[in-house]
1. Which of rounded, prolate or oblate describes the stretch 334-378 when judged by the alpha-carbon gyration tensor and an a/c cut-off of 1.5?
2. When all protein chains stay in place, what accessible area (Å², nearest 10, 1.4 Å probe) is found for residue 418?
3. Classify the stretch 269-362: rounded, prolate or oblate, from the alpha-carbon gyration tensor (a ≥ b ≥ c, eigenvalue square roots; a/c under 1.5 rounded; otherwise prolate if a/b is larger than b/c)?
4. Taking R0 as 25 Å, what's the FRET efficiency between residue 280 and residue 308 from their Cβ-Cβ distance, rounded to 0.05?
5. Calculate, for the stretch 138-230, the solvent-accessible area per residue in square angstrom, rolling a 1.4 angstrom probe over the heavy atoms of the protein chains.
6. Defining a contact as two alpha carbons under 8 Å apart and six or more residues distant in sequence, what relative contact order in percent does the stretch 271-429 show?
7. Can you send over the carbon and sulfur percentage of the accessible area for the stretch 348-390, probe radius 1.4 Å, protein chains only?
8. Relative contact order for the stretch 257-322: what is it in percent, counting Cα pairs under 8 Å that are at least 6 residues apart?
Amino acid sequence: MASRRQPTKRPGPKRLWQDRRGSVAVTVALALAVMIAMASLGVEVTYVLLKHRQMQAVVDAAAMAGAGALASGNPNGMTIEADAVASASGFTPGIKGVTITVNSPPVSGPRAGVAGVVEVTLAQPQSLLLANVVWSGTFTNKVRSVAALVTSGSFCVLQLDSAPAVGVTISNGAVVDASSCGLAVDSNSATALSVTGGANLKSPIVSVVGGATVRNGATINPSSALKTGQPAMADPYASVAAPSASGCAGGSNRQWKHSNSGTQTINPGVYCNGMSFTNDAVVTMNPGVYVLDRGTFAVGGAVRLTGTGVTIFLTSFTGSNYAKVNIGNGARVTLSAPTTNATAGLVFFGDRRAPPATMATFGGGATMFFTGALYFPSTGVTFANGITNPSGCTQLVAGSIIFQGGSKFQNNCPVGVRSIGTSSSTLVE
């Protein structure tokens, strides 16, 4: 009788586990090692991605802060602001290898070399144990952001001082024609802007921090241009350093005068106790910076005064009797500012230390052709008594401003000067 063959039994899980053959143990160990390595590497990659996203948010905020400093007229504060934002988020420059770089204008990207744009880069080396097995060298997380200034409105007249009860006065038939630009008033008084007595202000936008009064036949054209309760405008020339100088031209401490009716050419330098031009003189100012130490820059008596590439800096070496301007009595003045160098864009530059009572006066039927900025940041300016400014390229920035008595001020093309406007920042890269 033939014997029945028993079926072969497969080893169950318990027997497999109890199997003492070494190949299974090695296979399991290798598989576990690979699985742990892959999981750990995935954790490191996730960490890097999260760190990159965190750093990108920080560098975006840093770029915005840097652009904000630039908008406020403090370009030296761009790096300070960007560093502060990064440090507040745990990325302090110099700690744990963190580096932050601020460039304005940018040195790379599509906006390289563009003014009013701030580029910030943030970098930090990362310690990745498993990634270093397949990646030689130090792995560095590096992010970049670019923010640009956005200016709403283009202004050619700016009153800077927030304190005066009346920052800008337009009265007695004065005409201010700023048809292609705006007028801004930083005074926060309820009467910051006063337009009265048949005066006429033409402007597409009139921005006033405080309030405004328009009465007694005065007009603002269009009336919709007037906006009160607006943010203050920054001083566009706040970062321009005052020229440094000493001594007097020719070693003389007396006022420089040209009282003859002849023709004369004068050179840049330091002039003490003022300069006076009278009696139908025809005077040419050579290009450069003219520093007036005290006294008055006085032009009258039908004088013809011209100059290209000229800046007139009004100061005081003694801290009193700061130099001022008085142009009138039928004079005809044609001056243009430098287009390069430290005082680019400035025709007149009033010392920031001068007291408000140091008024610059333009009147007496004079005719002015100014190309550039009349900059009197701490003092007042008066346009009065038939003064006209037919030139279309004049910018006016002063502590307080008065237009009165039939004066006419016009601006149509503020070229070669710094922009005035409410600036904000936005990310562009």
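1. On the way: a/c = 4.09, a/b = 1.08, b/c = 3.80.
Oblate, since a/c reaches 1.5 and b/c is not below a/b.
2. 100
3. Details: a/c = 1.82, a/b = 1.15, b/c = 1.58.
Oblate is the answer for the stretch 269-362, as a/c is 1.5 or above yet b/c matches or exceeds a/b.
4. Values: r = 22 Å, r/R0 = 0.87.
Here the calculated transfer efficiency is 0.70.
5. 37
6. Numbers: 482 pairs, mean separation 26.0, N = 159.
After rounding, I find 16 percent.
7. On the way: 740 of 1190 Å².
Here it works out to 62 percent.
8. Values: 169 pairs, mean separation 21.0, N = 66.
Across the stretch 257-322, relative contact order equals 32 percent.
The values are calculated or read from the model by the stated rules, or taken from the named source; none is laboratory data. Just so it is clear, the structure is predicted and the values come from calculations on it, not from any experiment. Glycine also receives a Cβ, built like all others from the backbone with ideal geometry; neighbour counts cover every protein chain displayed. Note: accessible area is taken over every heavy atom of the protein model, side chains too, but ligands, DNA and RNA are not part of it. Shrake-Rupley method; radii C 1.70, N 1.55, O 1.52, S 1.80 Å.
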